[in-house]
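**Q** Take a look at this one; I'll ask things after.
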Amino acid sequence: MAEEVMAADIHDESGSLNPEFVEAVKNLLAAGNDKRLNELLEDVHPADLADIIEALEPGERVQLITMLGRHFNAEALAELDESVRDELLESLPPDTIAAAVRNLDTDDALYLIEDLDRQEQQTILEKVSPEERRALKRGLDYPENTAGRLMQTEFVAVPRYWAVGQTIDFMRSPGDLPEKFFEIYVVDESFHLKGAIPVSRILRHARSEKIAGLTDEVPVVFRVTDDQEDVAYNFKQYNLVSAPVIDESGRLVGMLMVDDVVDVIQEEAEEDILHLGGVGDEQITDPVWTTIRLRFGWLFVNLLTAVLASWVISLFGATLKQRVELAILMPIVASMGGNAGTQTMTVAVRALATRELTALNALKVVFRESAVGLINGLLFALIVGLFAFWWFGSNQLGIVIAASMIINLIAAALAGILIPLALDRLNIDPAVASAVFVTTVTDVIGFFAFLGLAAVWLF
């Protein structure tokens, strides 16, 4: 029976969410068996619980949280996709959301309420403690996608004149300390950051030793307004586990943890992939009309570029009427150019995102891609030229398509690298706009080179 599936069976052999487990949850919801449901989900990790919520129907999601009651792990809400989170929050009463906020670190609580309207945010904030309210209001004042939104305001900070024993006693006190932390920050009387000490070093020294003598300089300090992409890059570049965040006056106001930055790295990678496909910030859980709205714009732009390519073809209408084989071979040149350009563009966009492609090595990379385009052009020119000669018995036609293949693959390589570089220089996200421009260049140049050479060479 599906109801007998245990929590250990939440994943199938491939590591994916077990459909039988989800079916068991659905059956318990339908039966209203809250006791058995609590037993089934008691030891489920918040991330897995979020996957279960996403697999349920909208009404079942609310019912699940209601039936679990105080046993519901609020951390699961912070693991949900944005579209599911927003839809769920619209259906949950403010008291339930406020209870979840009280059980979350500030960074997760901010993620939960950041997209609610001001009135809803205010209603929820009125139901939490004054300290939490101040921290959340301050976080909401920072721009989206910045360190101020990512940070948690729970951290451990001590003055320089404290001793190790005093610091250990402070960490053992029932104060408002973070659930997990790896560093203790050292501050002056005005709460300006003066350094940091690993927790392991504190534990290895005598209780009488002074904090000032154990303090290291902090290699990377973030400001609340730093972009999350810069945060992710620095965490990766310097192998950080945690890092302090300061405000405009240099006062310590928060701490970033690597688990939050891993989410940012994943989001940025997913965003680049989606933008390259022209689907924006689409989620698999988005409604139909939302998906249509996100895809229509770029499809329309693609239509305009296709019209431009068709116009180029129309210039050689008389040539095509006289040699029908040109119409047969024409898509080969454009397709090869488009694929080659997409290959180069994908590598370039990713390298720009990871800062591997910079002004220092841009010229070298351009020459490299040009060489790749030339060599690939020569190789495929030989292949397609011989193929055209074999198919149509015309060495002139083989020469025309071979020459146009070389021209288009070089153009594809240059477009694939230069267009992302140019867009990045203009502060336009190259992942968003590169694909349309690159395919337009390869189509137009491919058709023009092939049909133009054919008009000159064959007639």
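The values are calculated or read from the model by the stated rules, or taken from the named source; none is laboratory data. As the structure is a prediction and not an experimental result, all values here were calculated from the model. Positions of Cβ are backbone-derived with ideal geometry, glycine not excepted, and every protein chain shown enters the neighbour counts. Ligands, DNA and RNA are excluded from the accessible area calculation, which covers all protein heavy atoms including side chains. Shrake-Rupley method; radii C 1.70, N 1.55, O 1.52, S 1.80 Å.
**Q** Return the distance in nm (one decimal) between the two label points of a simple spin-label model at residue 12 and residue 425, each offset 7 Å from Cα along Cα→Cβ.
**A** Going from the residue 12 label point to the residue 425 one covers 5.1 nm.
**Q** Determine the percent antiparallel among the DSSP beta bridges restricted to the chain, to the nearest 5.
**A** On the way: 16 of 21 bridges.
Bridges in the chain are about 75 percent antiparallel.
**Q** Moving on. Per DSSP helix of 4 or more residues, -39500 (n - 2.57); summed, then divided by the residues of the chain. What does that give at 222 nm, rounded to the nearest 500? All intermediate terms of the calculation are to be shown ahead of the outcome.
**A** Details: 20 runs with 289 residues, N = 459.
The helix contribution divided over the chain gives -20500 deg cm²/dmol.
**Q** Per residue, how many Å² of accessible area does the chain show with a 1.4 Å probe?
**A** With the other protein chains kept in place, the chain gives 52 Å² per residue.
**Q** Another question, if that's okay. Considering Cα pairs under 8 angstrom that are at least six residues apart, work out the relative contact order of the chain and quote it in whole percent. Working shown, then result.
**A** Numbers: 608 pairs, mean separation 46.5, N = 459.
Relative contact order, the chain: 10 percent.
**Q** Please give the length that would be gained between residue 318 and residue 220 if that part of the chain were fully extended, namely 0.36 nm times their separation in residues minus their C-alpha to C-alpha distance (nm, one decimal).
**A** So the extension gain works out to 28.7 nm.
**Q** Determine the shape class of region 361-459: with a ≥ b ≥ c the square roots of the Cα gyration tensor eigenvalues, call it rounded for a/c under 1.5, and otherwise prolate if a/b is greater than b/c, oblate otherwise.
**A** Verdict is prolate for region 361-459.
**Q** Can you give me the angle between helix 324-353 and the longest principal axis of the chain, using Cα atoms only, in degrees from 0 to 90, rounded to the nearest 10?
**A** In the chain, helix 324-353 runs at an angle near 30 degrees to the longest axis.
**Q** A further question follows. What aspartates and glutamates sit close enough to residue 364 to cross-link, taking a C-alpha to C-alpha distance under 20 Å and skipping anything fewer than 8 places away on the same chain?
**A** 356, 424
**Q** Right, another one. Percent of alpha carbon pairs in region 340-394 separated by more than 19 Å?
**A** The share of Cα pairs beyond 19 Å in region 340-394 comes to 45 percent.
**Q** Would you list which lysines come within 30 Å of residue 194, measuring only between C-alpha atoms, while excluding same-chain residues fewer than 8 positions from it?
**A** Answer for residue 194, where 30 Å is the Cα cut-off: 137, 180, 210, 236, listed by chain and number.
**Q** Quick one: 3J(HN,Hα) in Hz for region 123-138, Karplus 6.51/-1.76/1.60 with θ = phi - 60°, rounded, Gly and Pro as x.
**A** Along region 123-138, the couplings run 4, 6, 5, 5, 9, 10, 5, x, 5, 5, 5, 5, 5, 5, 4, 5 Hz.
**Q** Starting from the Cα of residue 258, step 7 Å along the direction of its Cβ; do the same at residue 296; then give the gap between the two resulting points in nm.
**A** 4.5
**Q** Please turn the phi angles of region 195-210 into ³J(HN,Hα) values with the Karplus equation 6.51 cos²θ - 1.76 cosθ + 1.60 (θ = phi - 60°), one per residue in order, whole Hz, x for glycine and proline.
**A** The phi angles translate into x, 8, 9, x, 4, 4, 5, 4, 6, 8, 10, 5, 5, 7, 5, 7 Hz.
**Q** Separation between the residue 395 and residue 38 pseudo-spin-labels, each 7 Å from Cα along Cα→Cβ, expressed in nm?
**A** Modelled inter-label distance: 8.8 nm.
**Q** I would also like to ask the following. When semi-axes √(5λ) of the Cα gyration tensor in Å is calculated directly from the model, which label among (1) 34, 25, 21; (2) 55, 31, 19; (3) 39, 24, 20 fits?
**A** Label (2) holds the value from this structure.
**Q** In percent, how large is the relative contact order of region 105-153, given Cα pairs closer than 8 Å and 6 or more residues apart? Walk me through the intermediate numbers first.
**A** Numbers: 31 pairs, mean separation 26.5, N = 49.
This gives 54 percent for region 105-153.
**Q** Report, by chain and number, residues whose modeled amide H sits under 5 Å from the one on residue 194, excluding near sequence neighbours (fewer than 5 apart, same chain).
**A** So residue 194 has HN proximity to 186, 187, 188.
**Q** Arrange the residues 291, 225, 342 by how much accessible surface each exposes, largest first, with a 1.4 angstrom probe. Walk me through the numbers before you get to the answer.
**A** On the way: 291 25, 225 80, 342 55 Å².
So, going from the largest accessible area down, we get 225, 342, 291.
**Q** Now a separate question. With a 1.4 Å probe and all protein chains kept in place, how do 111, 238 rank by accessible area, largest first? Present the calculation step by step, with values, prior to reporting the outcome.
**A** Details: 111 45, 238 125 Å².
From most exposed to least exposed: 238, 111.
**Q** Cα gyration tensor of region 1-141, axes a ≥ b ≥ c as square roots of the eigenvalues: rounded (a/c below 1.5), prolate (a/b > b/c) or oblate? If you can, show how the numbers build up before the last one.
**A** Numbers: a/c = 2.30, a/b = 2.05, b/c = 1.12.
Judged from the Cα gyration tensor, region 1-141 comes out prolate (a/c at least 1.5, a/b above b/c).
**Q** Mind grabbing the accessible area of residue 71 for me, 1.4 Å probe, Å², rounded to tens?
**A** 110
**Q** Run the reach check for residue 35 against lysines, Cα to Cα strictly under 25 Å, same-chain hits fewer than 8 apart removed. What comes back?
**A** Candidates past the 8-residue exclusion: 26.
**Q** Report the net charge of residues surrounding residue 89, where surrounding means a beta-carbon distance below 10 angstrom and charges are Lys +1, Arg +1, Asp -1, Glu -1.
**A** Working: positive: 85; negative: 86, 87, 90, 115, 120.
Here the charged neighbours net out to -4.
**Q** Please work out how much accessible surface residue 39 shows to a 1.4 Å probe, ignoring ligands, DNA and RNA, in Å² rounded to 10.
**A** Accessible area of residue 39: about 100 Å².
**Q** Further, regarding this structure: Pop out the carbon and sulfur fraction of the accessible area of the chain as a percent, whole number, probe 1.4 Å. Write out the running numbers ahead of the final one.
**A** Details: 13680 of 24080 Å².
Carbon and sulfur: 57 percent of the exposed surface of the chain.
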